[in-house]
2 protein chains.
Amino acid sequence: MSKSLPSTSRSLPIALIRAREGVMYPIRKMLSETGITEQQWRVLRVLIEFGRMDTKTLADRSSLLFPSLTRIVATLREKGLVTQTRDDKDRRRQFIEITPEGQRIIDERTSQAADIVTSFKKTLGEDDYEALLDLLARLDPGAQD
Amino acid sequence: MSKSLPSTSRSLPIALIRAREGVMYPIRKMLSETGITEQQWRVLRVLIEFGRMDTKTLADRSSLLFPSLTRIVATLREKGLVTQTRDDKDRRRQFIEITPEGQRIIDERTSQAADIVTSFKKTLGEDDYEALLDLLARLDPGAQD
DNA sequence: TAGCAATAGTTAACATGTTAAGGGAATGGT
DNA sequence: ACCATTCCCTTAACATGTTAACTATTGCTA
């Protein structure tokens, strides 16, 4: 008979937004000094972690929708942070690769970003931090449990 | 010496996005039949739960930034789902109130939305579901622990 | 091999997120 | 009364989220 909704203060979607807001605050503060956005940072990090890849894979690994990624890659290319080359075997596909300049931007802030991660681990405690990541993964349809 | 970043697959911001994506998928599907967006739904729900209130309070309770709320309220007003009246005592302030038509839209979908909530509780289990909400609240700077 | 479906990616249109600036109204101190 | 400050809200500008339509290329298949 659960025909009523929970109070908005116990709503899962809202809780996810608010948590994200809290987590992103120091990260956005850090990124504001770099001139790149949170999503651009994410794309560059994925490119560093996995290397050159096609747009579809990049969208998937960055958790970005295709149209968003199209725009973001265009911006990054204009900034000289990535290169975009067409696949000769399948001319529909494009390969994206990070440039040394892109590498540099991430490298310069990696230590600072790691400190932010550490501070959240301290806030929750190592165990709760890992437990949270596991719980979140169980809500992700893309994750293979 | 933790100077390196976690793999993007264990990144807290990314995990929050992906979990949110998973949670929102069925909700967006449900909302697509109503003609209102997720944020508009959230605003209407807050108005039902707490009643008439000023814009600032509404923004806070809806977890929306002021500029976003300005646009959303304008849209809802045009749709006839809320009314906006100026405070006579302090003419800077505006009061927002839901209309019967707005009420109706939420009422018609409340049972459906409750089912979605139930399905996520079942996915995680009641205990883990509550644990997740508590963990998320600890990341929310606005929540008073 | 002509035709049709599937795939990779872009473009369009509208709503929201985010930061900064602006505008009108109350407030506090002088 | 005067003025700076603060407050509530709006507007602007740019980036992203989201869905749908579209282009180009490839693959399948009758």
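Working carefully through the options A:GLU49, A:GLU38, A:GLU33, find the one that is facing chain B (nearest Cβ under 8 Å), charged (D, E, K, R) and over 30 Å from B:LEU31 (Cα atoms). Result of the check over A:GLU49, A:GLU38, A:GLU33: A:GLU49.
As for region B:34-48, it holds at least one residue that is within 14 Å of DNA strand C (Cβ to nearest atom) and in contact with a Gly (Cβ under 6 Å, 6 or more places away or on another chain). All of (1) within 11 Å of another protein chain (Cβ to nearest Cβ); (2) free of Cβ contacts under 8 Å to residues at least 12 places away in the same chain; (3) in a helix (DSSP H, G or I); (4) out of contact with any Asp or Glu (no Cβ under 8 Å at 6 or more places or on another chain) hold for B:VAL43 with one exception: (2). Here B:ALA59 meets the list (1) more than 12 Å from DNA strand D (Cβ to nearest atom); (2) of a type in the set (A, V, I, L, M); (3) without any contact (Cβ under 8 Å) to a residue 24 or more places away in the chain; (4) touching a Leu at 6+ places or on another chain (Cβ under 8 Å) almost entirely, failing just condition (1). Step by step: first the residues of region B:1-30, then only those that are at the interface with chain A (Cβ under 9 Å from one of its Cβ atoms) and charged (D, E, K, R), then the one that is nearest to A:LEU5 (Cα to Cα). Which residue is that? Only one residue fits best here, namely B:ARG20.
For region B:68-87, the condition of being within 25 Å of A:SER7 (Cβ to Cβ), within 13 Å of another protein chain (Cβ to nearest Cβ), surrounded by 12 or more Cβ atoms within 10 Å (Cβ to Cβ) and at pLDDT 95 or above holds for at least one residue. Note on region A:88-102: residues that are in a helix (DSSP H, G or I) and surrounded by 14 or more Cβ atoms within 10 Å (Cβ to Cβ) amount to 1. Could you list all residues from region A:30-40 that are part of a helix (DSSP H, G or I) and either more than 16 Å from the chain's Cα centre (by Cα) or within 11 Å of DNA strand D (Cβ to nearest atom) (or both)? Result: A:LEU31, A:GLU38, A:GLN39, A:GLN40.
Taking the stated definitions as given, is A:ASP60 within 13 Å of another protein chain (Cβ to nearest Cβ) and charged (D, E, K, R)? Against the criterion (within 13 Å of another protein chain (Cβ to nearest Cβ) and charged (D, E, K, R)), A:ASP60 qualifies. Looking only at region A:85-96, decide whether some residue is of a type in the set (Val, Ile, Thr) and within 23 Å of A:ASP54 (Cα to Cα). Yes - at least one qualifying residue is present in region A:85-96. Applying the condition of being surrounded by fewer than 20 Cβ atoms within 10 Å (Cβ to Cβ) and touching a residue at least 40 places away in the same chain (Cβ under 8 Å) to region B:46-56 and asking which residue is nearest to the chain's Cα centre (by Cα) yields B:ILE48.
Among the residues of region A:100-143, just one is more than 7 Å from chain B (Cβ to nearest Cβ), within 18 Å of A:SER63 (Cβ to Cβ) and acidic (Asp, Glu), namely A:ASP134.
The values are calculated or read from the model by the stated rules, or taken from the named source; none is laboratory data. Worth saying up front: this structure is predicted, and the values here are computed from it rather than measured. FYI the Cβ positions are ideal-geometry reconstructions off the backbone, even for glycines, and counts take in every protein chain you see.
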